[in-house]
Structures are given as structure tokens and as C-alpha cells.
Amino acid sequence: MPTEGVVDGPFWQKTACPPWCTSRHQADDAYADRVHHADLLPDGKAVIDLVLEQATEGRPEQLEVTVARHYRSTTAVIHVIKSEQTELQLTPSEARTLAAHLRQLLRTASLPADPSRLWKPLDGVTVGGQPAFPCPHRRPWCRGHSKSEIVESRQPGNPLMHSGSVASVPFTIGNSPGSIDISLDTIDGHQPQPFAYLQVVGGDGGGELDVTAIDHTIAALQLAKKLILDNPVGSVKLTADLG
């Protein structure tokens with residue numbers, strides 16, 4: 001990169017790079033690509049998981065923040081990009097104003113400034129023997145995922161499997177108790193539409209349902225159908241009131 005007064009970069013660069021520029025400028029860079037970029041943050045950018053946003057196309061929504069300056073401009077631009085699609089461009093002054101407003105909101109609302117304190121394991125819930133964390137895709141019926149599952153899902157080819165219990169209908173055959181457990185399941189990218197999964201537990205793989213148990217099973221399946229069709233954003237009651 002050139003320094004002030006000594007141009008040893010590509011022919012089109014007449015002034016030195018700003019101190020924060022880490023771009024490797026090339027002579028054949030297109031005009032729009034003649035940009036100074038910064039590695040002021042790890043990996044050159046900040047990526048924020050938008051955990052309150054409904055995931056689309058099988059991946060969480062994210063917010064990316066970068067800074068850049070065209071070689072002919074005197075002002076850097078802060079780019080705020082949502083999931084590589086929607087972009088907001090801010091001047092440094094506008095970005096400072098926004099940051100000041102956010103800090104003031106945090107102080108006024110008495111919210112913890114450390115985002116890791118907001119992302120806590122679910123009380124008493126485990127997945128594969130590990131503490132379960134809230135579903136990053138905000139599936140309202142999902143029981144949660146282990147941290148390793150969430151981390152691995154960031155890589156291509158590692159979809160999350162979402163599963164959540166809807167109800168458990170008990171039955172008894174003689175002295176052998178059992179149950180029909182009903183859950184919702186879906187696999188990102190492979191089976192995006194949730195489906196109801198019924199599993200017979202105990203009773204030697206089968207069960208005899210009396211009239212009450214049949215009614216309870218119908219009610220549980222109706223609840224599962226409603227959850228599948230509505231797919232609401234937010235929390236819902238996951239256990240049917242079958243009493």
C-alpha cells in the first residue's frame with residue numbers, strides 16, 4: 001500500500017490508503033471495487049445473530065457491520081447489512097449518533113450490556129446430556145438445542161433438527177403402563193414443514209385405548225395440527241391440557 005507522497009500502488013491510486021486500510025488493491029480492480037476496507041474488528045466485520053427474527057431459508061437472520069471508503073471519497077461509510085440483502089449505509093457521524101442512542105436505551109431500560117447474559121441455557125432442559133439453549137430459529141415449539149448443535153449448524157451441510165413435545169397420552173395393558181408420546185419434528189432444508197411424530201412407549205410396543213384415552217389422543221393431535229398450521233412467532237403452550 002502506498003504512503004503519502006510515494007505512490008507504489010496501482011496506477012489509479014493517487015493518494016495513500018487510510019491507516020486502517022487492509023485492502024490489497026490491484027491495477028485491474030473495477031472502479032466500484034476500488035475501496036479501502038478495514039480489519040478493525042475480528043475477521044474484518046461484526047456479525048450479530050438476530051435471535052428475535054424468524055429464520056428464513058433454513059438459517060438464522062444476521063446483521064453484519066463493516067466499514068469502507070471508496071478511493072475517491074473523503075468519508076468512510078459504515079455498512080449495516082441484514083442477511084446479505086437489506087443494507088443501511090451510515091456516515092461516521094450517523095453511526096456515532098446511533099451508538100449513543102443505543103447506549104442510552106440500554107441504560108434507561110436497565111438492560112445488561114453483555115449480550116451473553118441474555119443468552120442463557122433453558123432451566124432444567126438438556127439435549128443429548130448437554131444444557132439446552134433457546135432455538136436460534138425461534139421455533140415456538142422447539143425444546144432447544146445444545147451449544148454444539150447451534151455452532152455446527154453455522155456450517156453448510158449441518159441442518160438443525162427441531163423437536164418439541166406436544167403431549168403424552170397414558171394407557172395401561174394389564175399391569176403394564178405405557179404412553180403415546182406426540183411431538184413435532186422438522187429438519188431445516190430437508191423437511192421444513194413440521195410433522196407430528198407419534199411414539200408408543202411401554203406396553204410391549206402397543207396399547208389399548210379406552211374412550212378417555214382416545215379423546216385425549218384426538219385432542220393432542222388437534223393441538224399438533226394447530227401448531228403446524230399456525231406456526232406462530234413467540235411462545236405457545238406446548239403441553240395439552242387433557243385433564
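Every read-out reported here was derived from the displayed coordinates using simple, explicitly stated rules and does not represent laboratory data. Just so we're clear, the structure is a prediction, and the values are computed from it rather than from any experiment. Ideal geometry is used to build each Cβ from the backbone, glycine not excepted, and the neighbour counts take in all protein chains shown.
Each residue of the range 95-100 was assigned a 3J(HN,Hα) from its phi angle through the Karplus expression (A = 6.51, B = -1.76, C = 1.60, θ = phi - 60°), giving 5, 5, 5, 4, 4, 5 Hz with x at Gly and Pro. Computed extension length for GLN222-THR172: 15.7 nm, one decimal, from 0.36 nm per residue of separation with the Cα-Cα distance subtracted. If R0 is taken as 41 Å, the Cβ-Cβ distance between SER165 and ARG107 corresponds to a FRET efficiency of 0.55.
Amide H contacts of HIS70: HIS36, each under 5 Å away and 5 or more positions distant or on a separate chain (H built 1.01 Å from N in the peptide plane; Pro and chain starts excluded).
Between LEU229 and GLN62, the distance separating the two model label sites (each 7 Å from Cα on the Cα→Cβ line) works out to 3.7 nm.
For LEU122, the residues whose amide H sits under 5 Å from its own are ALA132, PHE133, ignoring neighbours fewer than 5 places away on the same chain, with H placed 1.01 Å from N. Taking 0.36 nm per residue of separation and subtracting the current Cα-Cα distance, fully stretching the chain between ASP210 and GLU152 would add 16.4 nm.
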